[in-house]
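Worksheet: one structure, shown below.
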Amino acid sequence: MAKKKGKSVSFDAMVKFFFQHYHIPSKKDIELISTRLDRIEKLILTQQGIKGRQSNTGTKTSDRKNPISASNTVLEIVKRSRNGIGFADIQARTGFNDKKLRNIIFRLTKLNKIVRQSRGIYIVNS
């Protein structure tokens with residue numbers, strides 16, 4: 001005897017079942033999350049704006065000092081030393097870790113602001 005065929009399941013119903021069973025978000029779910037995130041970001045920005053205005057009252061922009069960059073800090077230390085300065089001395093004076101200091105020295109040498117006098121000793125390029 002031939003088997004009776006049951007009712008065929010539509011492709012859309014099968015996809016919907018898999019989405020629900022495996023907790024896969026749909027496009028509509030992602031759009032809802034996106035709109036909620038936008039609202040949260042706007043709320044955070046408005047709260048920061050309010051806090052920023054409250055903390056800046058009574059202070060002038062000219063009162064604030066411009067922070068010196070890490071590269072400028074290293075360059076100033078090298079400029080102060082007449083006979084050159086070693087890597088370990090720069091690190092001790094700045095407190096920067098090895099990787100950061102190596103990157104700064106590399107950048108300053110590429111910009112021709114400092115020159116390597118000998119291994120690990122740097123002087124200002126004149």
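Read-outs: derived from the displayed coordinates by stated rules, not from any lab. This is a predicted model, so every value here is computed, not measured. Glycine also receives a Cβ, built like all others from the backbone with ideal geometry; neighbour counts cover every protein chain displayed.
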Inset, instruction - Determine ³J(HN,Hα), in whole Hz, for all residues of the stretch 44-49 in sequence, where each value follows from phi through the Karplus function 6.51 cos²θ - 1.76 cosθ + 1.60 and θ = phi - 60°; x replaces Gly and Pro. - result: 5, 5, 5, 5, 5, x
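By how many nm would the segment from Val115 to Lys79 grow when fully extended, if each residue of separation counts as 0.36 nm and the alpha-carbon distance is taken off?
Length gained between Val115 and Lys79: 11.8 nm.
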Inset, instruction - Identify the trypsin sites (Lys or Arg not before Pro) of the stretch 1-49 meeting these criteria: DSSP loop state and at most 13 other C-beta atoms within 10 Å of the C-beta. - result: Lys3, Lys4, Lys5, Lys7
Legend entry - Alpha carbon centroid spacing (whole Å) that separates the stretch 1-45 from the stretch 84-119: 56 Å
